[in-house]
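Report on the structure given below.
The values are calculated or read from the model by the stated rules, or taken from the named source; none is laboratory data. Remember, it's a predicted structure, so these values are computed and weren't measured experimentally. Cβ coordinates were reconstructed from backbone atoms using ideal geometry, including for glycine residues, and neighbour counts include every protein chain displayed. Please note that ligands, DNA and RNA were not included when accessible areas were found on the heavy atoms of the full protein model with its side chains. Shrake-Rupley method; radii C 1.70, N 1.55, O 1.52, S 1.80 Å.
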Amino acid sequence: MDKQKQKTAALRSAGLRKAVQAGWGILTNAYINGFLPGDPVIYQGPLKQLCVPGMNCYSCPGALGSCPIGSMQAIFDGRTRGIGAYVIGYLAIIGLFIGRFICGWFCLFGLIQELLYKIPTPKLTVPEKPDKILRYLKYLILLVMVFLLPFYYRSQYGAGEPFFCKYICPVGTLEGGIPLVLLNSMMRGALGWLFRWKFLLLILCASASIFIYRPFCKYICPLGAFYGLFQKVSLIRMRVDREKCVDCGICVRTCKMNVDPHKTPNDSECIRCRACIKACPMHALTMKIGPGPEPLQERVAAQADQPLGERR
Amino acid sequence: MKREVPLKVTIALIPLAMALCAFGIYRGEVAVVLAKAINICMECIGLG
C-alpha cells in the first residue's frame, strides 16, 4: 500500500513538472502574430532585452525573450566588444540560486526530448566510460563554441559569428528555422547546405532522444554546462539524511540522468527533477536551502575533540 | 565524504554575480542583446 502511495506521488510530481515545463514553454513563446503566414514578423518589444533562463531560440516566431547562449555570442560580436558580463552575471545569479533546476523545470527543449523518450522502444544506456567522457563535451562546447571562437574570430569584413548557434544548435532549427521556413516561401528559396547540416543534427538529436534520456542536455548543451558549475554552491541543494539512508539504490535506479543521488546529491549532471526524492522509500533525500547537517559519524568525531562543556 | 560548500560562500557570490550583471548593463550590453533578438538570426535558423 505504501509502495502504491509512493508511486502515485511520484507520478503526480512528474505530471506537475511536465505541466510547468509545457506552461513555461507556451508562456515564453506566446507571440501569436509570429505564427501567421506571410512575411516573417518576430516579437520586437522590450521583453527581448531579457533572456529566458533555458534554451529557447530568439528567432522562434513566438519567442518573447532572448536566448542566453545566443545573446552571449552576440555581445562578444557586438561593436562595443562586450565581455558578456550582462548575460554571464544573469546566468550566474540563476545558477547560484537554483543550479540546474532550470534544466529540469523550465527548458522547452528538455521537455521535447523527454516526450520523445516516452516513445515505447528499447532504451539505451551509454556505457559508463564513454558516457563520462562525452559529458565533458558540453564544457568544451561552452568554452570553444560559445566563448573563445565568437570572442576572437573575425572575418575579413570584421564580422564575428555565433559559432554554437550557427553550426550546432538544434534548438534554433526546431523552434526558429522550421516554422519560419514553413511560413515563408522566400525563406524556403534561401535554403542551403547550412540548413541541411543543422536539420541533420536536429534529426540525429531527436532520434537519439527516443533511445537515450535527454542526450542533448547530457552531452551538448552549453547552458546546462554553465549551470552545472554552480550545482555545488547553489542556494538550493539536495541533501541526503545519512541516518535515514539505507543504501537501497532505488534513487540510483530512478535517476535518468545517471547520477548517484545518495553519493553525490549535488552532482553537476543532476537536473533537480526530484524523481529520486519522490522515489526514496526512507524519505532520506530532500531539496532545501544550504548544505545539510554533517553526517552523524563526523559530528561525533568533531565533538570528541571538544571539551565536555562545549559539546552540542 | 566531501565536505559541502558553506552557505556563506554562496551568499558572498550572489552580490558578485549581481555586480557583474550590473556592469554589463552599464556597458550597454542590453542594447546589443535587444538589437540581435529583434531581428531574425539567420545563422541560428540555418540560413546565414
Q: Specify the angular offset, from 0 to 90 degrees and rounded to the nearest 10, of the alpha carbon long axis of helix A:2-27 from the longest principal axis of the alpha carbons in chain A.
A: 30 degrees
Q.
Report the A-B buried area as the accessible area lost on both sides summed, probe 1.4 Å, in Å² to the nearest 100.
A. 3900 Å²
Q.
Can you give me the C-alpha center-to-center distance between the range A:47-88 and the range A:266-281, rounded to a whole angstrom?
A. 29 Å
**Q.** chain A: angle of helix A:85-98 to the longest principal axis, Cα-based, in degrees nearest 10
**A.** 30 degrees
Q) Mean separation of Cα pairs under 8 Å and 6+ residues apart, divided by the residue count of the range A:237-293: what relative contact order is that in percent? A) 51 percent
**Q.** Amide H contacts of residue A:212 (H built 1.01 Å from N, under 5 Å, at least 5 apart or other chain)
**A.** A:124
(Q) Let me check against my output: what whole-number percent is the relative contact order of the range A:21-228, with C-alpha pairs under 8 Å and at least 6 apart? (A) 28 percent
Q. Can you list the residues, at least 5 places off or on another chain, whose amide H is less than 5 Å from the amide H of residue A:66, using H built in the peptide plane?
A. A:50, A:51, A:52
Q: Rounded to whole Hz and in sequence order, give me ³J(HN,Hα) for the range B:36-43 from the Karplus expression 6.51 cos²θ - 1.76 cosθ + 1.60, θ = phi - 60°, writing x for Gly and Pro.
A: 6, 6, 8, 10, 5, 7, 4, 5
**Q.** Dimensionless Rg ratio for the range A:228-288, taking C-alpha atoms and the 2.2 N^0.38 Å reference
**A.** 1.00
Q. With every protein chain left in place, what is the accessible area per residue of chain A in square angstrom, probe 1.4 Å?
A. 49 Å²
Q. Any idea what the dipole of the range A:237-293 comes to, in debye rounded to 20, about its Cα centre with Lys/Arg Cβ at +1 and Asp/Glu Cβ at -1?
A. 220 debye
Q. With springs only between Cα atoms under 10 Å, which of A:139, A:90, A:213 fluctuates most in a Gaussian network model of chain A?
A. A:90
Q: For the range A:216-232, just list the computed ³J(HN,Hα) in residue order, Karplus coefficients 6.51, -1.76 and 1.60, θ = phi - 60°, integers in Hz, with x standing in for Gly and Pro.
A: 5, 5, 6, 10, 10, 5, x, 6, x, 5, 5, 4, x, 5, 9, 3, 7
Q: Any chance you could tell me what percent of the C-alpha pair distances in the range A:21-228 go past 30 Å?
A: 20 percent
(Q) Give me the base-10 log of I(q)/I(0) for the protein assembly as shown at each q in 0.07, 0.09 Å⁻¹, Debye formula, one uniform scatterer per Cα, rounded to two decimals. (A) -0.34, -0.55
